[in-house]
Amino acid sequence: MGEDGLIPRLSNVNVKALLGILAGAGASYGLYKLLRGRGGDAEINKAKPRQNNITAVQPGSLMAKVSGFNVVSRKDGGNLTAEVSSEILSKSPGSLEPRHLSMLLSLLQSSPNPAERREVLKTLGNASAFTVNQDLLREFGGLHIIAGFLSDPVPDVRVQTLNALNNLSMNIRNQEQLKVYVPSVVQLIEMSPVNSDLQLAGLRLLTNLTVTDDNQHLMKNSITLLLSLLVVSNELLQALKVLVNLSSNPDMMDDIVQTQQAPASLVLLFDGCTNTEVLLRLLFFAGNLRAWRPSAQVAEALRRQQDSLYCVLLDSSSQFHSRLPLLLTHPDEEIKAQ
């Protein structure tokens, strides 16, 4: 997925023609990109907080700038480097005090240096693995400050922004504020290169934000994107986690099953050679879909839409049904049980 550029929409006639010939993985995703024009799991697979690796603090680095001085306003940010002490050098992210978090937020807003912004966000992300800091950063207005850097021009800064928001989203009260950024995160995933750190970080955040039913409706228009990632991305597991979360909600089922431009090659993933963890979640996803019971009229209408997810996985003519029995010989017991 390219970072820039808009591709004009295809006419409906061209779309239908292309769908007839583009069934491969890369083609499905390429078609999705042209059509779009721009850019918890089930209970067994709930998302867990991710704590970033903590690097050693070096003299003169960002961490060496943080001290016990109270800094609460953006205009004071330029004076931070002159007022710092070495107090923070011996502190771990879990022991940062409220004044340190406040100072980091101020420095984040004032710094013109992308490398410095990245390090501030990394530090805040590490600190956000702890519940007390999740609450403090919300109370300081830090969630919206951090989320503002989703549009930073530097990719590494956006990655660290997503990582910090990922840890912050482990707090249910924080999710109430963070859900407004779901469209921005989806757009970042769509426009970022396939398999990039940026794309993976965005999918991790969406996994956390869709663990409960409250935010899942915000993903209704993103099902095609997630399905396309299953056949072009090496990180399909993370996209699957989001899909399993969404398909666990009966209120989302109509939107998922009737999704258009579903890649026909999706059925090829139901294979004994597929990674066990990926295959297990594919079976969870398919099992959730099969619980959906359309009326006869709806089923007949969906059969006429050959690129719908219903036709790809659920219709009686789908290759999916002939591939399932082959998995009964899989060495993993849970795969066989599913």
Exercise for the section: Would you mind putting 285-291, 227-233, 169-175, 245-251 in packing order, based on average other-beta-carbon counts within 10 Å, highest first? Expected result: 227-233, 245-251, 169-175, 285-291
Problem - Size of charge dipole - region 231-337 - debye, nearest 20, with Cβ of Lys, Arg +1 and Asp, Glu -1, no other charges - result: 220 debye
Handout entry: Using a Förster distance of 45 Å, the FRET efficiency for T276-R99 (Cβ separation, nearest 0.05)
Key = 0.45
Handout entry: Note, ³J(HN,Hα) from phi for region 286-298, Karplus 6.51, -1.76, 1.60, rounded to Hz, x at Gly and Pro
Key = 5, x, 5, 5, 6, 6, 6, 10, x, 5, 4, 5, 5
Practice task
Name all residues of region 229-259 having a backbone nitrogen under 16 Å from the label point set 7 Å from the Cα of D315 along its Cα→Cβ direction, giving them as ranges.
Solution key: 257-259
Problem - Only Lys, Arg (+1) and Asp, Glu (-1) charged, at Cβ; region 94-218 dipole about Cα centre in debye - result: 100 debye
Problem - Difference of contour (0.36 nm per residue) and Cα-Cα distance, A115 to R290 - result: 58.2 nm
Handout entry: Zone of R323's modelled label, taken as backbone nitrogen in region 281-300 under 12 Å from a point 7 Å along Cα→Cβ
Key = 282-283, 286
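State, as an integer percentage, the relative contact order of region 290-338 based on alpha-carbon contacts under 8 Å between residues 6 or more apart.
Worked out over region 290-338, it gives 16 percent.
By how many nm would the segment from D251 to D213 grow when fully extended, if each residue of separation counts as 0.36 nm and the alpha-carbon distance is taken off?
Details: separation 38, 0.36 × 38 = 13.68 nm, distance 0.89 nm.
Here the answer is 12.8 nm.
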Practice task
Quick one: accessible surface of H321, probe radius 1.4 Å, all protein chains present, in square angstrom to the nearest 10.
Solution key: 60 Å²
Fill in the blank from the handout: Mean separation of Cα contacts under 8 Å (at least 6 apart) over the residue count of region 114-267, i.e. the relative contact order in percent, is 18 percent
Fill in the blank from the handout: Along region 210-217, Karplus-curve 3J(HN,Hα) (6.51, -1.76, 1.60; θ = phi - 60°) to the nearest Hz, with x for Gly and Pro, reads 10, 5, 9, 6, 4, 10, 5, 4
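Excluding ligands, DNA and RNA, what is the solvent-accessible area per residue of region 134-235 at a probe of 1.4 Å, expressed in Å²?
Spelled out: the 1.4 Å probe surface of region 134-235, per residue, equals 34 Å².
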Fill in the blank from the handout: Each label sits 7 Å from Cα toward the beta-carbon; between Q260 and E176 the label points are separated, in nm, by 3.8 nm
Fill in the blank from the handout: Whole-percent carbon and sulfur contribution to the accessible surface of region 94-218 (1.4 Å, no ligands, DNA or RNA) stands at 54 percent
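Assigning unit charges at the beta carbon (Lys, Arg +1; Asp, Glu -1) and nothing else, what dipole magnitude in debye, to the nearest 20, does region 131-195 show about its Cα centre?
100 debye
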Exercise for the section: Round to the nearest 10 and report in Å² the accessible area of R303, as given by a 1.4 Å probe over the protein chains' heavy atoms. Expected result: 90 Å²
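The values are calculated or read from the model by the stated rules, or taken from the named source; none is laboratory data. Since the structure is predicted, the reported quantities are computational estimates derived from the model, not experimental observations. Cβ: placed from backbone, ideal geometry, glycine included. Neighbour counts: every protein chain shown. For the accessible areas, the whole protein counts, side chains as well, though only heavy atoms, and no ligand, DNA or RNA atoms are used. Shrake-Rupley method; radii C 1.70, N 1.55, O 1.52, S 1.80 Å.
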